[in-house]
Amino acid sequence: MPEKIKQNDLALLLSEERSFLVKIEKNKKLHTDFGIIDLSKAIGKSYGSIIKTHKGKEFVLVKPSIVDFLNKKARMMPQAVRPKDSALILAFTGINKNSIVVEAGTGSAWLTLFLANYVKKIYSYEKRKDFFENAKKNIKASGMKNIVLKNKDIREGIDEKNVDAVILDMQNAETVVNLAYKALKPGGFFVVYSPYIEQVKAVVEEIKKYNFAQVLTVENILRPWDVRGHTLPKRQGLLHTGFLTFARKVF
């Protein structure tokens, strides 16, 4: 049975030309180039229903994906790990609905929220108070309930043990390799997102001191194409964002 939209739910208003991510509330109106939408009329409708502006323009009410939320709602403070790299972490580790994950630093919580959409639970460490407060707001707005956010420097120790993955997006990540190794279960994955190759080299050198296998560093380049009469790659795209280093604990 189609899910009904309730007060305070998020909905994506989707048309061929534009999309808007909104919180559905009584007595709230959305002003667009196509006319005004009375959002209170969405309450009680099912996702997949049509809502019209006062000019008659139709939008379909869609349940937003995590990528919709990140791109349109989450507030970014520090540079965030983009979905293309977050998805590669899922693909290379295979973490899933039964997995327990530790990550640091949270930053704007983009990676946190993306992964929380797929795994059982995430424990996220962020030492900076301003980043922590912003991440807390983004997590609350998402409605995710499987995230434990900690205002703590992960270098002071990882509280969780026998976890499926430890994922780092932080400076001096090489200083956490020992702690990550202790926190991981046998077969668990250690992942580091590095903006610079110098950090990659420092992390890999430290990984070599422990019983890790399947060590791999990759760069994920995304190149969109303009498909038309004369199909060409687009001049702009999300090319280099960072490096991902993977390693798997043996025992």
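Over the Cα atoms of segment 10-64, what radius of gyration and what Dmax do you get, in Å?
For segment 10-64, the Cα radius of gyration and maximum Cα-Cα distance read 9.8, 26 Å.
With a ≥ b ≥ c the root eigenvalues of the C-alpha gyration tensor of segment 97-237, is it rounded (a/c under 1.5), prolate (a/b larger than b/c) or oblate?
Details: a/c = 1.85, a/b = 1.29, b/c = 1.44.
Oblate shape, in that a/c is at least 1.5 and b/c is the bigger or equal ratio.
For segment 1-46, which trypsin sites (Lys or Arg not before Pro) pass both filters: DSSP loop (anything but H, G, I, E, B) and at most 15 other C-beta atoms within 10 Å?
On the way: sites: Lys4, Lys6, Arg18, Lys23, Lys26, Lys28, Lys29, Lys41, Lys45; in loops: Lys6, Arg18, Lys26, Lys28, Lys45.
Hits after loop and neighbour filter: Lys6, Arg18, Lys26, Lys28.
Based only on the alpha carbon positions, what is the Kirkwood hydrodynamic radius of the chain, in angstrom?
On the way: mean 1/r = 0.0500 Å⁻¹.
Computed over Cα pairs of the chain, the Kirkwood hydrodynamic radius comes out at 20.0 Å.
Return the loop-located chymotrypsin sites (Phe, Trp or Tyr not before Pro) in segment 174-204 (DSSP other than H, G, I, E, B) with at most 15 other Cβ atoms within 10 Å of their own Cβ; answer none if there are none. Working shown, then result.
On the way: sites: Tyr181, Phe189, Phe190, Tyr193, Tyr196; in loops: Tyr196.
Passing sites in segment 174-204 are Tyr196.
Considering only DSSP beta bridges with both partners in the chain, what is the antiparallel share in %, to the nearest 5? Don't skip to the answer; put the middle values down first.
Details: 30 of 48 bridges.
That works out to approximately 60 percent antiparallel.
Measure off 7 Å from each Cα along the Cα-to-Cβ vector at Lys129 and Ser40, then give the distance between these two points in nanometres to one decimal.
Going by the 7 Å Cα→Cβ label model, 4.1 nm.
Using the per-residue mean of other Cβ atoms lying within 10 Å as a proxy for protection, in what order, highest first, do the peptides 165-172, 47-54 fall?
Details: 165-172: 21.8, 47-54: 14.9.
Sorting 165-172, 47-54 by mean packing, highest first, produces 165-172, 47-54.
Using Cα pairs closer than 8 Å and at least 6 residues apart in sequence, work out the relative contact order for segment 10-64, in percent. Display every interim value, and only then the final one.
Details: 105 pairs, mean separation 20.4, N = 55.
Dividing the mean separation by the residue count of segment 10-64 yields 37 percent.
Which order do peptides 102-108, 129-135, 227-233 fall in by mean Cβ count within 10 Å, highest first? Mind showing how you got there, number by number?
Values: 102-108: 25.7, 129-135: 17.1, 227-233: 7.4.
Top to bottom by mean Cβ count within 10 Å: 102-108, 129-135, 227-233.
Cα gyration tensor of segment 62-169, axes a ≥ b ≥ c as square roots of the eigenvalues: rounded (a/c below 1.5), prolate (a/b > b/c) or oblate? Present the calculation step by step, with values, prior to reporting the outcome.
Values: a/c = 1.60, a/b = 1.09, b/c = 1.46.
Oblate.
For segment 134-208: lysine pairs with Cα atoms under 16 Å, gap of 8 or more or different chains, count?
Close lysine pairs found across segment 134-208: 10.
If the chain between Glu58 and Ile197 were fully stretched, how many nm would it gain, using 0.36 nm times the residue separation less the Cα-Cα distance? It would help to have the intermediate numbers written out before the result.
Numbers: separation 139, 0.36 × 139 = 50.04 nm, distance 4.85 nm.
Answer, rounded to one decimal: 45.2 nm.
Laboratory data are not the source of any read-out in this text; all were calculated from the coordinates shown. This one's a predicted model, so the numbers in the text were calculated from it and none came from an experiment. Cβ sites come from the backbone with ideal geometry, for glycine too, and all protein chains shown count toward neighbours.
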